[in-house]
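Notes to accompany the following structure.
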Amino acid sequence: YGVQLSAGGTNAVRAIACLPALTGAWRERAGGVLLSSSGAFPVARAALQRPDLLGARRPRSVNMVRIGDALLGDADALAGGAPIEALLVYNSNPVAVAPESAKVARGFAREDLFTVVLDHFRTDTVDYADIVLPATTQLEHWDIHLAYGHTDVLLNRPAIAPLGQARSNAAIFRALAARMGFDEPCFADSDEDLCRQAYGDAVDWNELLAHGFASLRLPEAPFADGGFPTPSGRCEFFSTRLAAQGLDGLPDHVPNHEAVDPSTAAGESFPLALITPPARNFLNSSFVNVQSLRSIEGEPLLEIHAADAAARGIAGGELVRVFNARGSYHCTARISPRARVGVVNGLGVWWRKLGPRGTNVNEVTSQLLTDLGGGPTFYDCRVQVERADVAETLSARVDQTAHA
């Protein structure tokens, strides 16, 4: 997944996917390449999402990668639509995980934005909510799952009744639908009904109830005889669909948005490439609420190579400031061979409120998108790093000059 997170991420994945076809490995069991198995699951999406109820209406879609700009009124990020006046957040913590988080926080802080958040914990996003609704945990509701890396459909049966006033997301949406006057029969479907509809006849519901999972019936080498989901049914090195859009039909190297020459002014200002892998005991911003896991992680860390640390007078365990033109955040430096020369690893995603200065690594990441697909470019980011005491001294001098 990290390969995708730069300007040329899509082209990189395309190029990698061509390799098994070049060697003929697609014909053999385990000879292909897998990014995610999720596409193999025959989810009846139309039955769940009901696009037929829209009629001629076509709601706009705002890319969450650009939610900071969108909430601050950027016309391009708003997809040409009106300003966002109300927001319902569920299954996410955008104030912590979205790029350029200073903009995201400013957007959520708007006095004229009405925000409702469904969650279990007091996340960074919950702090900006006008109304917080307690969501059920996985122990309290029906659900059905596809997967990234295997091909078993999983059934989640509630172990306990919802505690307190907690409701599942779907139960909250049903209540909203009823209050808004939507009387189509689908809005009366229970969570269990939705689970039954999710795969239709493709999965045996009784098998799911009996065992908790059902394996998809798939061939050992699914593309041994072709049958790729392309117009030709073949693995297409050259894409006529992309060529028709005026794009390169062949995968090619696309440089990073921030692929700067170190000899230029921009390269001298922000000479280090920053990547932001999850801390080992977190899953992005999930589990940061768990005190025992935070205790294992200790504090927000930046892994830096010894040579880069020495050039900046940074010792392991010191507080450092990581910054670029978008913003800055503070964390503790760890001298580590895991960081290459010229690359620093900002382990995330700590909630902003738990950072040394109330910020996190996404202060410096970019809202720019990938070459195709509108994906985020979290690993396409240039920064500079300095000791925090140096930064604070300079900041104080600037303040003194401004007052003078």
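The values are calculated or read from the model by the stated rules, or taken from the named source; none is laboratory data. All values reported here derive from a predicted model rather than from experimental measurement. FYI the Cβ positions are ideal-geometry reconstructions off the backbone, even for glycines, and counts take in every protein chain you see. Calculation scope for accessible area: heavy atoms of the full protein, side chains included, ligands and nucleic acids excluded. Shrake-Rupley method; radii C 1.70, N 1.55, O 1.52, S 1.80 Å.
What to note about this one:
- Degrees, to the nearest 10: 9-23 long Cα axis against longest axis of the chain: 60
- The angle separating the long axis of helix 169-179 from the principal Cα axis of greatest extent in the chain is about 70 degrees.
- The chain, helix-only ellipticity at 222 nm - DSSP H runs n ≥ 4, -39,500 (n - 2.57), divided by all residues, nearest 500: -6500 deg cm²/dmol
- Taking label points 7 Å from Cα along the Cα-to-Cβ direction, Cys186 and Thr137 give a separation of 3.2 nm.
- Among 294-301, 193-200, 30-37, sorting by the average number of other beta carbon atoms lying within 10 angstrom of each residue, highest first, gives 193-200, 294-301, 30-37.
- Solvent exposure of the chain, expressed per residue, is 55 Å² of accessible area, with all protein chains present and a 1.4 angstrom probe.
- Nearest-ten-degree value, helix 388-403 long axis tilted from longest Cα axis of the chain: 70
- Proximity of backbone amide H atoms, modeled 1.01 Å from N, is registered between Asn156 and Asp143, Ile144, His145 at under 5 Å, excluding neighbours fewer than 5 places apart on the same chain.
- Residue of Ser61, Ser101, Ser328 that the Gaussian network model of the chain assigns the largest fluctuation, springs spanning Cα pairs under 10 Å: Ser61
- The range 69-210, accessible surface, carbon-and-sulfur percent (1.4 angstrom probe): 54
- Label-to-label distance for Tyr1 and Phe287 is 1.2 nm, based on points extended 7 Å past Cα in the beta-carbon direction.
- In this structure, Arg312 and Arg157 have a Cβ-Cβ separation that, at R0 = 56 Å, corresponds to a calculated FRET efficiency of about 0.55.
- Label-to-label distance for Asp112 and Arg357 is 3.1 nm, based on points extended 7 Å past Cα in the beta-carbon direction.
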